[in-house]
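Take a look at the structure set out below.
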Amino acid sequence: FAVNAGLGLSGKVGVESPPWSLPMRLTLSGRVRDGDDGMGVDVIRLGAVARYRNGETELPFVFGLAGPLRLHGGEVPMTRRGVPLRGRDAMPSFHARGGFAFGDALALRLDGMIADWPKAWPALPEPLESSVSALPFKYEYRGRADLSDTSALQLQRDATRFDGHFRLPEMLTWIDTIDQGTPLPPLAGHLSMPKLEIAGGTLEGVEVDFAPSPGEAMTP
């Protein structure tokens, strides 16, 4: 490609890591650049219509990415970008800013806002269930490219806050069996709530530690 030339791509691509797959249709546009910070694409706009499949489970979603993309020293360095995602059913919708780097390992960082708690997920306890506030979140990952290593997550709604970590394959399995399995997701961390209404009673100053089941030990 010539430097400063316009770039446009459109087509189908798929990611597979049995037992799940992620077919998608991508469209990409931008302008080719070659500078001191590496070769890449400026003013990049990427959109994808995707579908997560695992057995009989199918979760459709649409996501996008906007920002510069560079290749420097054989690696894609961390660059801040906008990342919107629109999901249905058990797939949340959010808008975030963040970046990723890819070399010997994949590094990913997002800082954004989940529009609302997905209706297909187990209901939140009160007063969280009645709240109409969005959910600010921070997500970080560093590890293998298939996202199978430990992810860190901070999630908040009003004055309630969760800090913890999980592994994506275990979380996807939980989503796949959400109607038959436990209502508690497979994660570890700490939850703090100023108030919790449960079984007709009210608890104040609630602090809860989550731990994975035996045999599913995680390390941050």
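The values are calculated or read from the model by the stated rules, or taken from the named source; none is laboratory data. Please read all numbers here as calculations on a predicted model, not as lab measurements. Don't worry about glycine lacking a Cβ; one is built from the backbone with ideal geometry, like all the others, and counts go over all protein chains shown. The protein model used for the area step is the full one, side chains on, heavy atoms only, and it has no ligands, DNA or RNA in it. Shrake-Rupley method; radii C 1.70, N 1.55, O 1.52, S 1.80 Å.
General remarks:
- Applying the condition of being assigned to a strand (DSSP E or B), open to solvent by less than 30 Å² (accessible area, probe 1.4 Å) and closer than 19 Å to V15 by Cβ to segment 84-109 and asking which residue is modelled with the lowest pLDDT yields A101.
- Within segment 176-202, the set of residues being of a type in the set (A, V, I, L, M), surrounded by 13 or more Cβ atoms within 10 Å (Cβ to Cβ) and at pLDDT 75 or above comprises L187, A188, L191, M193, L196.
- Any chance L7 is part of a strand (DSSP E or B) and either at pLDDT 85 or above or open to solvent by 30 Å² or more (accessible area, probe 1.4 Å) (or both): no
- Close pairs (6 angstrom Cβ cut-off, 6 or more residues apart or separate chains): free of Cβ contacts under 8 Å to residues at least 24 places away in the same chain and of a type in the set (S, T, Y) in segment 137-151, in a strand (DSSP E or B) and open to solvent by less than 60 Å² (accessible area, probe 1.4 Å) anywhere: S151/Y141; S151/F166
- Positions within segment 203-214 being open to solvent by 30 Å² or more (accessible area, probe 1.4 Å) and more than 23 Å from the chain's Cα centre (by Cα), in sequence order: L203, E204, G205, E207, V208, P214
- Of all residues in segment 191-208, those that are under 11 Å from E126 (Cβ atoms) have Cβ atoms under 7 Å from Cβ atoms of residues that are β-branched (V, I, T) and assigned to a strand (DSSP E or B), 6 or more apart or on another chain, in M193/T160; M193/V206; K195/T202; L196/V206.
- All positions within segment 155-192 that are of a type in the set (V, I, T) and in a strand (DSSP E or B): T160
- The residues in segment 52-73 that are over 13 Å from G40 (Cβ atoms), in contact (Cβ under 8 Å) with a residue 12 or more places away in the chain, assigned to a strand (DSSP E or B) and not hydrophobic (A, V, I, L, M, F, W, C) can be counted, and the count is 6.
- Applying a threshold of 6 Å to beta carbon distances and a minimum spacing of six or more residues, or different chains, the list of pairs starting in segment 108-124 at a residue that is without any contact (Cβ under 8 Å) to a residue 24 or more places away in the chain and ending at one that is in a loop (DSSP other than H, G, I, E, B) and among the polar types (S, T, N, Q) reads A115/S93.
- Of all the residues in segment 120-154, those that are open to solvent by less than 30 Å² (accessible area, probe 1.4 Å), not hydroxyl-bearing (S, T, Y) and not in a loop (DSSP other than H, G, I, E, B) number 3.
- Condition met for R157 (within 23 Å of R109 (Cα to Cα), at pLDDT 90 or above and open to solvent by 50 Å² or more (accessible area, probe 1.4 Å)): no
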